[in-house]
Amino acid sequence: MRTQMTSDLDLPENISGQNHDLSLIEKYDGFQDLALLEAALNDAAFGAIGAVSSFGADSALLLSMLAEVNASIPVIFLDTGKHFPETTDYVQNVSESLGLENVHYRRPDLAEVNIHDRIGDLLESSVDACCDLRKVRPLEKALRGFDSWITGRKRFHGADRSGLKSVEFTEGRFKINPLAHWSAERIKTEFKARNLPQHPLVAEGFLSIGCAPCTRAVAPGEDVRAGRWADNDKTECGIHNSPWVGESI
Ligand code: SF4
């Protein structure tokens with residue numbers, strides 16, 4: 001089936017309201033990659049499941065696993081308006097080459113942008129406010145119809161991610177982390193084995209890729225996320241650690 005690239009209006013609107021069974025966290029502790037995806041997508045206790053992808057440096061691995069298990073699962077891409085053009089092209093190319101059937105672009109609310117960032121320089125006064133406007137709030141809206149979401153986070157990224165579990169429960173939803181336990185080396189090996197298309201900026205030293213103004217290439221030996229918000233203390237955009245909705249606008 002041809003890849004369907006939609007904007008945001010046809011995502012489900014209301015969370016099912018089902019009771020969340022927190023025993024799933026222990027039940028699937030240690031499950032990984034395809035085994036975790038297959039188990040979660042076949043376990044009704046997770047409710048409606050979507051995936052969120054940055055279409056960054058190694059995103060194609062998880063996306064290829066998703067395509068293998070269920071190519072029609074909704075995949076949400078936060079189109080902040082600040083991405084590298086290479087990323088925008090990559091979303092289209094990798095979705096089509098993997099056969100993903102249900103990719104959704106979620107953009108910031110235009111009215112909010114006009115109020116808070118009309119000329120696009122909010123990040124110069126507050127990167128937290130900019131991420132809140134362009135990532136946190138749009139994702140909160142995009143996830144309203146889902147009980148659980150799949151993320152590509154890994155423990156080896158360090159900091160807040162060091163203790164990631166296969167399944168977490170935060171802010172009323174399960175997060176399913178199929179690659180939480182994978183090392184950088186294992187990802188690289190599997191990426192090659194699957195002959196996956198590489199984000200073009202990886203060849204230029206970008207090992208973690210976010211918005212263009214807030215991402216630089218990393219030097220050999222630097223932490224994989226050292227190029228993200230390199231000029232300040234920020235390490236996460238906020239979608240994984242802030243209560244809905246952010247307070248910073
Ligand atoms: Fe704004 Fe930078 Fe956050 Fe992108 S990463 S939303 S440009 S502050």
Could you work out the mean projected area of the convex hull around the alpha carbons of the range 14-115, in square nanometres to one decimal?
8.3 nm²
Top mean-square fluctuation among ILE73, ILE119, ILE187, Gaussian network model of the chain, C-alpha springs under 10 Å?
ILE119
To check you understand DSSP bridge types, tell me what percent of the beta bridges within the chain (both residues inside) are antiparallel, rounded to 5.
30 percent
Given the options ALA217, ALA45, ALA111, which has the most mean-square fluctuation in a GNM of the chain, springs set between C-alpha atoms less than 10 angstrom apart?
ALA111
Tell me, ARG194, ARG173, ARG161 in order of fewest to most beta-carbon neighbours within 10 Å?
ARG194, ARG161, ARG173
Residues other than ASN177 with Cβ under 12 Å of its Cβ, Lys/Arg counted +1 and Asp/Glu -1, net out at +3
Beyond 17 Å, the calculated P(r) of the range 139-222 holds a percent of Cα-Cα pairs equal to 62 percent
With no solvent and one equal point scatterer placed on each C-alpha of the range 185-237, evaluate the Debye formula and give log10 I(q)/I(0) for q = 0.16, 0.17, 0.19 Å⁻¹, two decimals.
-0.52, -0.58, -0.70
Per residue and in Å³, how big is the convex hull formed by the alpha-carbon atoms of the chain?
124 Å³
A chain fully extended from ASP109 to ASP29 at 0.36 nm per residue, minus the present Cα-Cα distance, gains in nm 25.1 nm
I'd like the distance between the alpha-carbon centres of the range 65-115 and the range 142-209, rounded to an integer number of Å.
16 Å
Isotropically averaged projected area of the range 86-213, using the convex hull of Cα atoms (one quarter of hull area), nm²:
9.6 nm²
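Every number in this text was worked out from the coordinates using simple rules, so none of it is lab data. Keep in mind it's a predicted model, so treat the numbers as computed, not measured. Note that we place each Cβ from the backbone using ideal geometry, even for glycine, and neighbour counts take in every protein chain shown.
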